[in-house]
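First the structure, in the form of C-alpha cells, and then the observations on it.
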C-alpha cells in the first residue's frame, strides 16, 4: 500500500476516533521521500485520467472515479504538507525574513494551484459540464499537468532542501 493510501486509511481512522489533525514541528527524515512518492502517485493518476479519456471519451464514470482519486490524493498530500512541512519550516525559519517570505509565497501559490485543480475536477466530474466541455478536456487536463509538473520540480529542487538542511 502506498503512502497516500496508508495516510488516507490513517486519516479515516482518526476521523472515526474524533481526533483532530494537529500541526507537527518535529523533523521527520522520511517526510521528503514520502512527498516525492506522493508526486509520483499523483502523476500516475494523472496519466490514468488521460489514458482513460483517450480510450473512451464517453466513459464519464471511469473518468470521475479517477478524478476523485486524484482529488483525494492531492488533498491528503496538501494537508500533510501544511501540517508537517510548512509548520516545520515556519518554526525553523521564523526569524529569517527571506526564507519566511519564500515559504509563505510557495504556500500561497500552492493554495491557488489547488483551487484551479479543484475547479477542473468539479467541472469535469459533473456529467452535463463534462459533455458540454468534452472538446476542451485534454487541453484543460494538460494545462493542469503542466502546472503540477512545474510545481513538483520546484518543490523537489528548492523547497524540500530547506527542510533537509
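Overview of results
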| read-out | value |
| --- | --- |
| Residue count, the range 136-165 (criterion: within 19 Å of the chain's Cα centre (by Cα), over 30 Å from residue 92 (Cα atoms) and surrounded by fewer than 13 Cβ atoms within 10 Å (Cβ to Cβ)) | 2 |
| Residue within the range 118-129 that is surrounded by 12 or more Cβ atoms within 10 Å (Cβ to Cβ) and not in a helix (DSSP H, G or I) present | yes |
| Failed item in (1) touching a residue at least 60 places away in the same chain (Cβ under 8 Å); (2) surrounded by 14 or more Cβ atoms within 10 Å (Cβ to Cβ); (3) over 21 Å from the mean Cα position of the chain (by Cα), with residue 133 passing the rest | (1) |
| Enumeration of residues in the range 48-64 that are in contact with a helix residue (DSSP H, G or I) (Cβ under 8 Å, 6 or more places away or on another chain), assigned to a helix (DSSP H, G or I) and under 12 Å from residue 127 (Cα atoms) | 60, 62, 63, 64 |
| Qualifying residue in the range 84-101 (condition: part of a helix (DSSP H, G or I), modelled with pLDDT of 95 or more and closer than 30 Å to residue 127 by Cβ) | no |
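The values are calculated or read from the model by the stated rules, or taken from the named source; none is laboratory data. Predicted, not measured: the structure shown is a model, and the values here were computed from it. Here the Cβ is made from the backbone with ideal geometry for all residues, glycine too, and neighbour counts use every protein chain on show.
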